[in-house]
Amino acid sequence: MITVRNLTHRYGDTVAVDDVSLTVEDGEFLVLVGANGSGKSTLVRQFNGLLEPDSGEVSVDGRAVHEDLVAARVAVGMVFQDPRDQLVAATVGADVAFGPENLGLSHAEIDRRVDAALSAVNLAGREDERVADFSGGERERVAIAGALAMEPTHLVLDEPFTGLDEPARRSVLDRLRALRADGTSVVVVTHDLRDLLSLSDRVVAMADGRVVVDGDPESASTRESLADLDVRVPPVDPC
Ligand code: ADP
Ligand code: MG
């Protein structure tokens with residue numbers, strides 16, 4: 001469980017997140033929407049201590065993030081908006097192994113995790129290929145595999161669909177569906193609710209650093225306010 005209490009974050013004079021309180025339950029699939037600049041990335045980057053709040057507190061599974069950064073990083077996996085911010089090694093296998101290696105796991109366990117994570121994103125057997133030769137969609141999937149290999153109980157993906165073609169988008173959606181079924185908490189930051197509404201338990205919308213909508217997907221998606229927030233909402237949810 002991720003608990004955010006009265007969190008405020010400023011960059012100079014800009015209040016990016018303004019007194020936000022929010023709880024992400026275990027196993028919950030939460031979609032976080034809002035216009036560019038509404039504070040989504042600034043908020044989720046506090047979930048594992050990548051940013052520190054100016055005031056307020058974040059805890060993961062009951063432990064304050066600032067008191068145990070390592071525990072927070074193990075529990076909360078993060079896939080950044082731009083995979084270039086995340087990919088660290090030249091080859092696919094080395095990149096995905098990087099996180100587990102830093103946990104000090106055995107070679108056998110690292111190999112097992114890398115194999116499982118690459119299979120999960122349909123990149124099995126491509127360990128030795130160079131990340132630099134990959135397309136944007138493939139890089140995004142390597143980034144997701146890197147987060148999965150940490151076997152986090154919570155996974156946060158910041159705009160994972162940006163720049164993906166349709167097959168890559170489908171592949172990421174399939175993976176999110178499987179994670180949901182496995183009971184991993186998933187937070188997806190997006191401004192496009194297509195396909196995600198049927199997966200989500202909850203939709204939270206931000207505007208100007210504040211939470212302005214927080215509800216189940218049916219009622220949230222019918223809010224006219226979402227359209228005002230620049231969120232792409234599907235006209236009718238099939239089935
Ligand atoms: P979103 O992810 O919803 O687009 P952000 O959290 O990136 O929103 O940004 C929230 C606000 O904080 C915006 O006004 C943005 O310009 C500002 N901001 C974000 N990152 C920085 C930064 N590193 N330095 C200064 N201002 C920033
Ligand atoms: Mg952002």
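The values are calculated or read from the model by the stated rules, or taken from the named source; none is laboratory data. Just so it is clear, the structure is predicted and the values come from calculations on it, not from any experiment. Cβ sites come from the backbone with ideal geometry, for glycine too, and all protein chains shown count toward neighbours. When the accessible area is computed, the model is the full protein with side chains, heavy atoms only, and any ligands, DNA or RNA have been set aside. Shrake-Rupley method; radii C 1.70, N 1.55, O 1.52, S 1.80 Å.
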For the chain, which whole-number percentage of the solvent-accessible area (1.4 Å probe, protein heavy atoms only) is attributable to carbon and sulfur atoms?
-> 46 percent
Mind checking the dipole of segment 35-149: about its Cα centre, +1 per Lys or Arg Cβ, -1 per Asp or Glu Cβ, Debye to the nearest 20?
-> 220 debye
So, with points 7 Å from each Cα along the Cβ direction, the GLU166-ALA94 label distance in nm works out to 3.7 nm
Estimated distance in nm for a label pair at ALA181 and ASN122, the labels positioned 7 Å out from Cα along Cα-to-Cβ = 1.6 nm
ASP54 versus LEU199: modelled label distance in nm, points set 7 Å from Cα along the beta carbon direction | 3.4 nm
Checked against the positive end of the charge dipole of the chain (+1 on Cβ of Lys and Arg, -1 on Cβ of Asp and Glu, about the Cα centre), the farthest of MET150, VAL33, PRO217 is MET150
Pairwise FRET efficiency - ASP228 versus HIS107, Cβ, R0 = 41 Å, nearest 0.05 = 0.20
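May I ask you to derive the FRET efficiency for ASP115 and ASP13 from their Cβ-Cβ distance with R0 = 41 Å, giving the value to the nearest 0.05?
Taking R0 as 41 Å, the efficiency between ASP115 and ASP13 is 0.25.
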Could you give the dipole magnitude of the chain about its Cα centre, charging the beta-carbon of Lys and Arg +1 and that of Asp and Glu -1, in debye to the nearest 20?
-> 180 debye
Rounded, prolate or oblate: which fits segment 1-65, taking a ≥ b ≥ c as square roots of the Cα gyration tensor eigenvalues, rounded meaning a/c under 1.5, else prolate when a/b beats b/c?
-> oblate
Across the alpha-carbon set of the chain, Rg over Rh with Rh taken as the Kirkwood radius works out to 0.96
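Could you work out the percent of alpha carbon pairs in segment 1-121 separated by over 19 Å, rounded to a whole number?
56 percent
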Calculated [θ] (222 nm, deg cm²/dmol) that DSSP helices of n ≥ 4 give over the chain, each run adding -39,500 (n - 2.57) = -9500 deg cm²/dmol
Starting from the amide H of VAL212, placed 1.01 Å from N in the peptide plane, find each other amide H under 5 Å away whose residue is 5 or more places distant or on another chain.
-> ALA205, MET206, ALA207
Antiparallel bridges, percent of DSSP beta bridges restricted to segment 2-228 (to nearest 5) = 55 percent
Neighbourhood charge, 12 Å Cβ-Cβ cut-off, centred on ALA168 and excluding it, Lys, Arg +1 and Asp, Glu -1 | 0
Taking every other residue with Cβ under 10 Å from the Cβ of ALA35 and scoring Lys and Arg +1, Asp and Glu -1, one gets -2
Excluding PRO100 itself, calculate the net charge of residues whose Cβ lies under 12 Å from the Cβ of PRO100, where each Lys or Arg counts +1 and each Asp or Glu counts -1.
-> -4
